[in-house]
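Before I ask anything, here is the structure I am working with.
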Amino acid sequence: MSDFRRIRSMAARIRRERLFGIRMNIMLPILLLFLPGMAWGFSDPNIILPGGHQPSTAMEVLFYASLGVVFGATMCAVLLSFDGVSRDRASGMLEVRLAQPMPRQHQATALVLGYLQSILIPVYGLMVLCLVIVRIRMGEWTSLEETLVYFASTGLILLWYTLFALLASTTAKEQGTAVAFGVGVWFFFTFLWALVTTMVAYASGVAVGEANDPGWVALEGALDLLSPNGVYHHLLETQLPSVDRGVPMWQTWAAAIAWTVLPWWGLQRRMEALVP
Amino acid sequence: MAEAVLSFLDVQHRHKIPTPRWSKPWAQRLGPGIVDLNLKLYKGSILGLVGPNGAGKTTLLRMMAGILPLQTGSVMQRIGNEEWTRVADLRTLVGHMPEQVRWQGRTTVRNILLELGDMRGTQTNRIDALLNLVGLQQRQDEQLDNLSQGMRQRLSIAAALLGSPKVLLLDEPFNGLDPVAAQAFTELIQRLANKGVSIVISSHMVAQLGGFIDRIGLLHRGQLLDEGPLEDVETRLGLNGRYMISGTGKVDLNLRLKGIDLERIEETTNEDGWSLTFRGDSQEVLQALLSNDVVLSSWSPLAPDLVEWLCAATGMDVRDISLEVASSAFLPMRTKEMGEDE
């Protein structure tokens with residue numbers, strides 16, 4: 001069996017286990033509420049957002065509905081994969097797996113792919129449903145480029161959170177630490193990042209929260225590159241011509257690559273040094 | 001003598017213990033582990049690796065399984081009469097059965113073996129044969145959550161045998177097994193050894209290994225104190241040729257055994273009777289006692305237990321050994337010779 005087939009086989013086993021597990025049954029209603037639910041709400045022709053803004057294009061609706069990805073899908077990614085390694089360590093299975101001649105880096109790759117697929121499949125399914133909902137409510141499809149960016153960026157943010165959770169899982173000696181680390185990272189970037197941005201802005205003498213202040217917009221845009229959620233929104237904003245936060249597209253994609261490569265590299269290193 | 005198939009030369013792995021300080025939050029120091037160990041494994045032999053808790057048995061088995069890296073030393077292999085060659089990846093040669101695997105989940109026995117087989121590149125028909133070998137053929141579609149402890153141990157050994165390993169490592173395999181399951185397990189191990197598999201069994205219970213291991217390795221504080229065929233090690237440590245004899249009534253053993261050349265190791269007398277542990281010609285002793293109408297209640301060769309092995313190998317008192325284990329301290333080993341010098 002080739003290395004590629006081994007990785008694919010191991011990833012498929014994880015995917016099957018997680019996709020049809022109890023956890024997915026619990027998370028599916030949450031995902032249904034957050035993804036198609038938000039798409040339905042934001043595509044309401046009569047919706048008026050705070051500030052009197054009204055979404056006018058299908059992509060704009062999907063951009064607002066992407067809050068569902070940030071709040072719901074990323075949380076589900078963490079809750080699916082937080083015990084990807086620590087559970088096996090606790091049960092003794094990790095020792096059995098590490099004793100197999102499959103290289104540890106390949107095992108790490110299979111873990112990432114398996115857990116990513118298990119969250120990506122339902123999320124992508126629901127995103128297709130979002131596109132249909134928006135089409136029905138607004139009479140408009142997103143363009144091919146917008147759709148590709150929407151799916152690719154969502155895939156990336158789920159990959160990042162899966163990597164964070166698996167990385168935590170390799171470090172944690174028991175399940176509680178693994179879930180605390182995974183959820184902690186999610187909580188930090190999802191809820192506390194605004195606080196970090198505010199503190200940096202205050203320290204820099206920038207008027208905090210002034211949406212019309214170019215200084216605030218630029219600072220918030222730059223700091224968002226340091227957060228996976230921020231990079232996700234930057235990626236989506238590349239398809240929104242009306243939004244300009246002063247971050248060139250190459251910086252956005254460079255940040256996306258960094259957020260992909262660094263935790264992946266970290267996970268590979270952790271797996272190499274892993275002790276049962 | 002069986003041919004050596006795998007040789008560990010001066011191998012070492014010491015665990016890294018976090019010692020955080022304000023100036024160095026990630027600082028680590030070397031802790032207990034295995035130090036400068038030399039060991040050869042022979043085709044078809046069963047090596048019993050014994051030592052007290054914390055001696056390093058699991059660490060050594062994990063090193064031998066390729067799970068823990070060798071910090072120093074090397075591993076060589078020999079196939080048939082060819083030259084010794086360095087082993088690139090131990091995991092291709094070795095099957096490892098960890099101490100406790102809680103096989104759990106809704107996946108079935110067969111599917112978990114297929115999954116591990118994929119990681120090893122094992123054919124499906126080999127898995128069927130393994131299920132048959134360990135007696136899980138009828139349970140192959142059982143969910144892991146529903147397996148008993150004995151079945152889990154069988155599954156562990158099946159997993160270790162994937163890929164037809166040359167060397168099989170079993171870490172405390174008798175834990176949690178009832179006597180019937182332990183007997184079946186012993187027979188299985190002997191069958192595998194007869195097929196030429198080199199087997200290493202770790203245990204802190206020497207009595208469980210008695211009768212079916214043909215080599216013994218004494219491990220203490222990360223060092224292999226002695227290793228070799230059971231009889232050779234017994235002789236080297238002065239634990240061979242010992243007998244225990246007991247009887248009822250009051251007997252003057254000095255008088256009855258006068259003129260017989262024997263080494264008295266222990267002698268007890270109480271109201272119920274007497275017992276004598278000695279080294280010497282047991283037939284001569286037996287004959288002398290019976291001809292003097294002494295009533296005997298038992299007579300048997302005396303097999304050493306773990307404590308005797310370790311005390312003999314280290315020259316230490318049993319209380320010293322147990323205290324060291326309790327403290328888990330990693331200190332230079334005091335050998336028998338050093339003790340004598342003191």
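The values are calculated or read from the model by the stated rules, or taken from the named source; none is laboratory data. Given the structure is predicted, the values throughout are model-derived calculations rather than measurements. Here the Cβ positions follow ideal geometry from the backbone for every residue, glycine too, while neighbour counts run over all protein chains shown.
Name the pairs whose Cβ atoms lie under 8 Å apart, with the first residue in the stretch B:85-96 and within 10 Å of chain A (Cβ to nearest Cβ), the second surrounded by fewer than 22 Cβ atoms within 10 Å (Cβ to Cβ) and polar (S, T, N, Q), and 6 or more positions between them or separate chains?
If the second residue must be surrounded by fewer than 22 Cβ atoms within 10 Å (Cβ to Cβ) and polar (S, T, N, Q), the pairs left are B:93/B:77.
Given the conditions (1) of a type outside the set (Lys, Arg); (2) crowded, with 20+ Cβ neighbours inside 10 Å; (3) over 24 Å from residue B:187 (Cβ atoms), report the number of the one that residue B:76 does not fulfil.
(2)
Just to check your reading of the model, which residue among A:236, A:240 is among the aliphatic types (A, V, I, L, M), over 30 Å from residue A:106 (Cα atoms) and modelled with pLDDT of 90 or more?
So the residue among A:236, A:240 that is among the aliphatic types (A, V, I, L, M), over 30 Å from residue A:106 (Cα atoms) and modelled with pLDDT of 90 or more is A:236.
Something else: Can you pull out every residue in the stretch A:246-259 that is under 21 Å from the mean Cα position of the chain (by Cα) and not β-branched (Val, Ile, Thr)? I'd like the intermediate steps shown before the answer.
If we filter the stretch A:246-259 for residues that are under 21 Å from the mean Cα position of the chain (by Cα), which is where we start, we get A:247, A:249-259.
Residues satisfying the conditions are A:249, A:250, A:251, A:253, A:254, A:255, A:256, A:258, A:259.
Considering only the stretch B:6-47, state which residues are in a loop (DSSP other than H, G, I, E, B), within 14 Å of chain A (Cβ to nearest Cβ) and crowded, with 20+ Cβ neighbours inside 10 Å.
Of everything in the stretch B:6-47, nothing turns out to be in a loop (DSSP other than H, G, I, E, B), within 14 Å of chain A (Cβ to nearest Cβ) and crowded, with 20+ Cβ neighbours inside 10 Å.
How many residues, within the stretch A:89-103, are part of a helix (DSSP H, G or I) and either within 10 Å of chain B (Cβ to nearest Cβ) or touching a Phe, Trp or Tyr at 6+ places or on another chain (Cβ under 7 Å) (or both)? Spell out the reasoning first.
The initial filter retains those residues of the stretch A:89-103 that are part of a helix (DSSP H, G or I), namely A:89-91, A:93-98.
Narrowing further to those that are either within 10 Å of chain B (Cβ to nearest Cβ) or touching a Phe, Trp or Tyr at 6+ places or on another chain (Cβ under 7 Å) (or both): A:90-91, A:93-98.
Number satisfying all stated conditions: 8.
Restricting attention to the stretch B:107-123, which residues are more than 8 Å from chain A (Cβ to nearest Cβ), in contact (Cβ under 8 Å) with a residue 40 or more places away in the chain and more than 15 Å from residue B:154 (Cβ to Cβ)?
Matches in the stretch B:107-123: B:117, B:122.
Next question, about the same structure. Kindly list the number of the only condition in (1) touching a residue at least 24 places away in the same chain (Cβ under 8 Å); (2) within 14 Å of chain B (Cβ to nearest Cβ) that fails for residue A:35.
(2)
Here's another thing I want to ask about it. Please specify each residue of the stretch A:98-107 satisfying the condition of being under 21 Å from residue B:167 (Cβ atoms) and surrounded by fewer than 21 Cβ atoms within 10 Å (Cβ to Cβ).
Listed by number, the residues that qualify are A:101, A:103, A:104.
Which one is surrounded by the most Cβ atoms within 10 Å (Cβ to Cβ) among residues in the stretch B:262-284 that are closer than 13 Å to residue B:241 by Cα and more than 31 Å from the chain's Cα centre (by Cα)?
Top of the filtered list is B:262.
Sticking with this structure for a sec: Mind listing whichever residues of the stretch B:143-167 are of a type in the set (A, V, I, L, M) and in contact (Cβ under 8 Å) with a residue 60 or more places away in the chain?
B:157, B:159, B:160, B:161, B:162, B:167
For residue A:120, only one of the following conditions fails: (1) more than 14 Å from chain B (Cβ to nearest Cβ); (2) under 26 Å from residue B:118 (Cα atoms); (3) in contact (Cβ under 8 Å) with a residue 40 or more places away in the chain. What is its number?
(3)
Out of the residues in the stretch B:305-342 that are modelled with pLDDT of 80 or more and within 30 Å of residue B:253 (Cα to Cα), state the one that is surrounded by the fewest Cβ atoms within 10 Å (Cβ to Cβ).
That would be B:308.
Sticking with this one: Quick one: is residue A:83 away from every other protein chain (no Cβ under 14 Å) and of a type in the set (D, E, K, R)?
no
Also, I was wondering about something else. Just the residues that are out of contact with any strand residue (DSSP E or B) (no Cβ under 8 Å at 6 or more places or on another chain) and surrounded by fewer than 13 Cβ atoms within 10 Å (Cβ to Cβ), please, taken from the stretch B:285-304.
B:287, B:291, B:292, B:293
Step by step: first the residues of the stretch A:24-56, then only those that are β-branched (Val, Ile, Thr) and modelled with pLDDT under 90, then the one that is farthest from residue A:123 (Cα to Cα). Which residue is that?
A:48
Could you list all residues from the stretch B:150-167 that are within 13 Å of another protein chain (Cβ to nearest Cβ) and farther than 16 Å from residue B:91 by Cβ?
Matches in the stretch B:150-167: B:152, B:153, B:155, B:156, B:157, B:158.
Let me ask something else about it. If you go through the stretch B:48-62 one residue at a time, do you hit one that is free of Cβ contacts under 8 Å to residues at least 60 places away in the same chain and within 14 Å of chain A (Cβ to nearest Cβ)?
yes
Before we move on, is residue B:198 among the hydroxyl-bearing types (Ser, Thr, Tyr) and surrounded by fewer than 19 Cβ atoms within 10 Å (Cβ to Cβ)?
For residue B:198, the condition - among the hydroxyl-bearing types (Ser, Thr, Tyr) and surrounded by fewer than 19 Cβ atoms within 10 Å (Cβ to Cβ) - is not met.
From the list A:123, A:179, A:185, which one is surrounded by 19 or more Cβ atoms within 10 Å (Cβ to Cβ), among the β-branched types (Val, Ile, Thr), modelled with pLDDT of 95 or more and within 17 Å of the chain's Cα centre (by Cα)?
None of the other options fit; the residue is A:123.
Let me ask another. Considering only the stretch B:48-76, how many residues are part of a strand (DSSP E or B), of a type in the set (S, T, N, Q) and more than 19 Å from residue B:91 (Cβ to Cβ)?
Initially, the stretch B:48-76 is screened for residues part of a strand (DSSP E or B), giving B:48-50, B:72-76.
Narrowing further to those that are of a type in the set (S, T, N, Q): B:72, B:74.
Going one step further and asking which of them are more than 19 Å from residue B:91 (Cβ to Cβ), we end up with B:72.
Of the residues in the stretch B:48-76, 1 are part of a strand (DSSP E or B), of a type in the set (S, T, N, Q) and more than 19 Å from residue B:91 (Cβ to Cβ).
Here are some conditions: (1) without any contact (Cβ under 8 Å) to a residue 60 or more places away in the chain; (2) surrounded by fewer than 18 Cβ atoms within 10 Å (Cβ to Cβ); (3) away from chain B (no Cβ under 12 Å). Residue A:42 meets all but one. Which one does it not meet?
Evaluating residue A:42 over (1) without any contact (Cβ under 8 Å) to a residue 60 or more places away in the chain; (2) surrounded by fewer than 18 Cβ atoms within 10 Å (Cβ to Cβ); (3) away from chain B (no Cβ under 12 Å) leaves (2) as the failure.
Inspect all residues belonging to the stretch B:221-238 and state whether any of them is in contact with a strand residue (DSSP E or B) (Cβ under 9 Å, 6 or more places away or on another chain), of a type in the set (Lys, Arg), modelled with pLDDT of 85 or more and on the phi > 0 side of the Ramachandran plot.
yes
Could you pull out the residue among B:104, B:100 that is touching a helix residue (DSSP H, G or I) at 6+ places or on another chain (Cβ under 7 Å), polar (S, T, N, Q), outside any helix (DSSP H, G or I) and within 11 Å of chain A (Cβ to nearest Cβ)?
B:104
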